[in-house]
Amino acid sequence: MGITYIQGEVEGPLGRQNVEFLIDSGATYSLLPLNVWKAIGLKPKRTLDFRLADGTAIKRDVSECYIILPQGEGHTPVILGEEYDEALLGVVTLEILGLVFNPFNRTLQPMKLLLV
């Protein structure tokens, strides 16, 4: 297991921001730090319950943004992070973009999509 980051951009009503995402294949939704989502003008759309790796239950606001990665782009739900949160790239965003994380070479690759 290793730590892998990827450069991307996020876009909202007020513009774009560059973001360095930690690829987290254990996270359901992607997360944007407070300064990023405020700068691009995101507003909470709903509040959801989440569980941290240590089992702690938390509530966080969720919104949507447009995400641009070298491997693709599209709209995705995002957790609106708090002051010390780090940007995370979660599996819902990866699936929306048709990507999977290869843990052996630490790269994002196209997903083998099924239509059955």
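Coordinate-derived values only; no laboratory data. Treat the numbers as computed from the prediction; the structure is a model and nothing was measured. Here Cβ is always computed from backbone atoms with ideal geometry, including for glycine, and neighbour counts include all displayed protein chains.
Annotations
- Relative protection proxy for 24-35, 42-53, from highest mean packing down: 24-35, 42-53 (other beta-carbon atoms within 10 angstrom).
- Over the residues of the chain, the helix contribution to mean residue ellipticity at 222 nm works out to -2500 deg cm²/dmol, using -39500 (n - 2.57) for each DSSP H run of at least 4.
- Each DSSP beta bridge with both residues in the chain is either parallel or antiparallel, and the antiparallel ones are about 85%.
- Packing here is the average count of other Cβ atoms within 10 Å per residue, and on that basis the peptides 89-100, 56-67, highest first, run 89-100, 56-67.
- Cα centre as origin, Lys/Arg/Asp/Glu Cβ charges: the stretch 5-110 dipole, Debye: 220
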